[in-house]
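This report refers to the structure that appears directly beneath it.
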Amino acid sequence: MAYDKSTPFTFTKNGIYYFERRVPIDLQKYYSTRKITYSLRTRSAHVANARASRAASQLDEYWYHLRVSNVQLPGKDKLRFSYDVVCNDQRTSVETVTLSEAVGVYLRLRGVDRPITFTRAAERACGYLIDIAGDKDLCAYTKKDANALRDALLERGLSGSSVTRIFGTVRSVTNFVASEMGISTVNPFGGVYFDRQAGVQERQPLPNDTIRAVQAECLRLDDELRWLVALVSDSGLRLAEAAGLTLNDLVVDGPSQKLIVQEHPWRRLKTPGSKREIPLVGMALWAAKRIHSVGTDDLYAFPRYNGSRLTNANSASAALNKWLKPLVPKQCTMHSFRHSMRDRLRAVECPSDIVDQVGGWQTGGTGQSYGKGYPLEVLHRWMDKIV
């Protein structure tokens with residue numbers, strides 16, 4: 001075992017680089033070991049340095065959240081306590097905070113280990129309300145403020161689904177913090193009327209001949225972007241799921257050629273049911289083999305979208321939808337492959353619970369939560385039928 005000062009947090013063993021980081025004394029109660037060690041799976045000092053730096057940064061961020069979860073909210077001594085406020089026409093003495101302070105409390109308690117999009121959504125939604133109605137105490141907001149927020153969002157041209165999402169976030173923040181502070185009030189941001197379908201464009205599935213034409217272009221161009229399109233086209237993956245895959249998630253050797261969808265530090269899954277295994281068939285199998293044979297990274301299947309701490313699915317979506325636009329019907333996007341997968345499986349009379357398992361969709365009914373689901377060979381038989 002040898003240590004190399006040029007690559008911090010690493011040592012080499014038989015030429016392979018390993019990551020090593022001691023757990024801080026004040027955080028050792030959270031761990032079963034005093035040292036975190038694992039193989040970086042590379043002999044390259046440059047690659048090892050990049051992976052070790054990324055791992056160290058992730059640990060520093062996580063350790064920060066562990067530490068701050070046990071301390072008081074910064075500036076809490078400046079909050080107003082035991083004010084007489086009116087809630088539901090009842091004057092009572094309660095602990096109260098403004099909306100901006102409530103966002104801080106919400107993110108401190110609910111935002112640990114959540115993606116940056118969680119923080120941005122809370123700050124953006126409540127920021128809209130503060131811009132319209134001011135930064136008030138939680139109990140001071142009224143239905144008039146809620147209606148003013150609705151009108152302002154609709155004037156911006158936001159679709160009904162976007163307005164619904166913003167109101168849902170505002171309700172979550174205000175309900176959660178009111179509960180934490182012991183404030184009893186009717187949330188004025190519930191039951192606000194607006195057309196939730198206004199401006200919503202229904203995502204369309206891709207026709208089969210269009211899918212074949214796109215796949216033919218993927219074969220012709222044969223590069224990393226097209227591998228990603230081909231992989232999604234015959235697997236039904238969400239784009240973020242595909243962009244965050246590792247090479248080990250793509251099993252192309254042996255009797256079970258499959259794709260493993262699992263959570264990674266750089267890419268969370270949308271739901272617990274999204275964790276699954278999917279048979280590699282058709283163009284998805286072709287893409288997986290090309291990634292293994294030509295891939296330039298020892299870890300990521302698509303290194304282009306994993307250069308930072310988190311998978312950049314938005315960048316992948318923008319690039320691929322721009323390329324797809326002249327090839328597919330109007331209102332069709334990369335996500336349309338997922339809609340098409342459901343229709344293609346319906347067309348071969350595939351049972352709906354198998355369809356749900358392939359796509360990681362939630363299946364209704366208590367009985368569906370029992371057992372481990374269909375074996376891979378059963379899924380393979382149905383997937384073969386659509387390609």
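Could you name the lysines in cross-link range of K372, using Cα to Cα under 17 Å and dropping any fewer than eight places away on the same chain?
K258, K275
How much accessible area per residue does the chain have, counting only protein heavy atoms and a probe of 1.4 Å, in square angstrom?
On the way: 20940 Å² over 387 residues.
I get 54 Å² per residue for the chain.
Add +1 for every Lys or Arg and -1 for every Asp or Glu among the other residues with Cβ under 13 Å from the Cβ of A313, and state the total. Please list the in-between numbers first.
Numbers: positive: R238, R267, R268, K270, R304; negative: E241.
Computed value for this residue: +4.
Calculate how steeply helix 143-155 sits against the longest principal axis of the alpha-carbon atoms of the chain, using the helix alpha-carbon long axis, and give the answer as 0 to 90 degrees to the nearest 10.
40
Tilt of helix 116-133 relative to the longest C-alpha principal axis of the chain, in degrees (0 to 90, nearest 10)?
30
What does the charge count near R124 come to, summing +1 for each Lys or Arg and -1 for each Asp or Glu among other residues with Cβ under 14 Å from its Cβ? Show your work: numbers first, answer last.
On the way: positive: R120, R156, R165; negative: E123, D131.
Summing Lys and Arg as +1 and Asp and Glu as -1 gives +1.
Tally up the carbon and sulfur contribution to the accessible surface of the chain as a whole percent, 1.4 Å probe, everything protein left in place. Write down the numbers at each step before the final one.
Working: 10230 of 20940 Å².
It is 49 percent, rounded to a whole number.
What number comes out for the charge environment of K385, summing +1 per Lys or Arg and -1 per Asp or Glu over other residues with Cβ under 11 Å away? Don't skip to the answer; put the middle values down first.
Values: positive: R344, R381; negative: E349, D384.
Summing Lys/Arg as +1 and Asp/Glu as -1 gives 0.
Of the candidates N175, N314, N14, which one comes out as most mobile in a Gaussian network treatment of the chain with C-alpha springs shorter than 10 Å?
N14
Could you state the number of Å between the C-alpha centres of the range 296-362 and the range 111-155?
The range 111-155 and the range 296-362 have Cα centres spaced 32 Å from each other.
What are the ³J(HN,Hα) couplings of the range 319-333, residue after residue, when phi is run through the Karplus curve with 6.51, -1.76, 1.60 and θ = phi - 60°? Round to Hz, x for glycine and proline.
5, 6, 5, 5, 5, 6, 3, x, 9, 10, x, 4, 6, 9, 9
Evaluate the relative contact order of the chain (contact order divided by residue number), counting alpha-carbon pairs under 8 angstrom at least 6 apart; express in whole percent.
Worked out over the chain, it gives 12 percent.
Check F9: other-chain or 5+ apart residues with amide H under 5 Å from its amide H, H built from backbone geometry?
The answer is none.
In the Gaussian network model of the chain, springs joining C-alpha atoms below 10 Å, which of D209, D135, D234 carries the largest mean-square fluctuation?
Judging by the Gaussian network model, the answer is D209.
So what is the relative contact order of the range 261-387, in percent, for Cα pairs below 8 Å that sit 6 or more residues apart?
Numbers: 89 pairs, mean separation 42.2, N = 127.
So the answer I get is 33 percent.
Scan [x] 321; [y] 196; [z] 212 for the value of volume of the Cα convex hull per residue in Å³ calculated from this model and give just the label.
Evaluating volume of the Cα convex hull per residue in Å³ on these atoms matches [y].
Starting from the residue with the highest accessible area, list R54, R226, R124 in decreasing order, probe 1.4 Å. Walk me through the intermediate numbers first.
Numbers: R54 50, R226 25, R124 125 Å².
From most accessible down to least: R124, R54, R226.
Nearest 10 degrees is fine. How inclined is helix 99-110 to the longest principal axis of the chain, computing both from alpha carbons?
40
What residue among L158, L299, L269 has the largest mean-square fluctuation in a Gaussian network model of the chain, using Cα springs under 10 Å?
Highest fluctuation among the options: L158.
The values are calculated or read from the model by the stated rules, or taken from the named source; none is laboratory data. Source: prediction; values computed, not measured. All Cβ positions, glycine included, derive from the backbone under ideal geometry; neighbour counts span all protein chains shown. To get the accessible areas, we keep the full protein, side chains included, count just its heavy atoms, and leave off ligands, DNA and RNA. Shrake-Rupley method; radii C 1.70, N 1.55, O 1.52, S 1.80 Å.
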